[in-house]
Amino acid sequence: MKKIVVLLILFLIPTTIFAYVDGYEISKYHVKIDVKENNVLNIREEITADFEPYAYKHGIYRKIPIINEVERADGSSYFNRVRISNIKINNNHEDSYENNYLVMKIGSASTTVSGEVKYIISYSYNLGDDRTKKFDEFYFDIIGTEWDTTISNVSFEINMPKSFDKSKLGF
């Protein structure tokens, strides 16, 4: 009987220890993108972060690339520099640029957070010219790669500016 109890305890411990990476995890991440005909994306991100008690965190960092390498199915590629504007966040934030990213430091240095916190971020992301006349191109990494924690639930919606032939869609 003692062996079973020990095994159960060993199985329970890792799930509680490793539930948080860097003191928090993102339990929900929803992204809504309204694509405009001029290649501007109006983006709204709803991020629900769960902060570990006594982690002494002040908020989150959201890093958004301002230079992207676009790789096409035909093997060609190019770099584009985007413009980000109309930033609105439901929390205190400081913005800076670092290594080809806009870095949003969201939260307050004077306040620590614990438990569930919902962040709402909206901004316009101007992709500029897609450099092709043969087709319309929408290329965007919805979540990004610069997170310092786990994300357990992602949903998204993309609204295009007009109807299109869905059979020609590459995703």
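In this structure HIS30 has an accessible area near 50 Å², from a 1.4 Å probe over the protein heavy atoms. Accessible area per residue was computed with a 1.4 Å probe on protein heavy atoms; VAL117 scores about 30 Å². Both the radius of gyration and Dmax for the chain are 20.0, 72 Å, in that order, over alpha-carbon atoms.
Considering only Cα-Cα distances, which of the following residue pairs are longer than 26 Å: LYS28/LYS162; LYS32/LYS105; LYS134/LYS166? Pairs exceeding 26 Å: LYS28/LYS162. Full extension of the chain between LYS32 and SER152 yields a length gain of 41.4 nm, computed as 0.36 nm times the residue separation minus the alpha carbon distance. With every protein chain in place and a 1.4 angstrom probe, the accessible-area ranking of ASP136, ASP130, largest first, reads ASP136, ASP130. Against the longest alpha carbon principal axis of the chain, how many degrees, from 0 to 90 and to the nearest 10, is the axis of helix 2-17 turned? Orientation of helix 2-17: about 40 degrees from the principal axis.
I need the calculated FRET efficiency for the pair PHE164 and ARG83, taking r as the beta carbon distance and R₀ as 35 Å, to the nearest 0.05.
Plugging the Cβ-Cβ distance into 1/(1 + (r/R0)^6) gives 0.90.
Using a probe of 1.4 Å on the protein chains alone, the accessible area found for TYR78 is around 30 Å².
Net length available on complete extension from TYR54 to GLU98 is 12.9 nm, with 0.36 nm assigned per residue and the Cα-Cα distance removed. Among the aspartates and glutamates, which fall within straight-line cross-link reach of LYS118, defined as a Cα-Cα distance under 16 Å, with same-chain neighbours fewer than 8 residues apart omitted? Cross-link targets: GLU25, GLU45, GLU46, ASP50, GLU52. Between VAL21 and ASN126, the simple label model (points 7 Å from Cα in the Cβ direction) yields a spacing of 3.4 nm.
The values are calculated or read from the model by the stated rules, or taken from the named source; none is laboratory data. Since the structure is predicted, the reported quantities are computational estimates derived from the model, not experimental observations. Counting neighbours? That spans all protein chains shown, and the Cβs are built from the backbone with ideal geometry, glycine included. Surface areas here come from the heavy atoms of the whole protein model, side chains and all, with no ligands, DNA or RNA. Shrake-Rupley method; radii C 1.70, N 1.55, O 1.52, S 1.80 Å.
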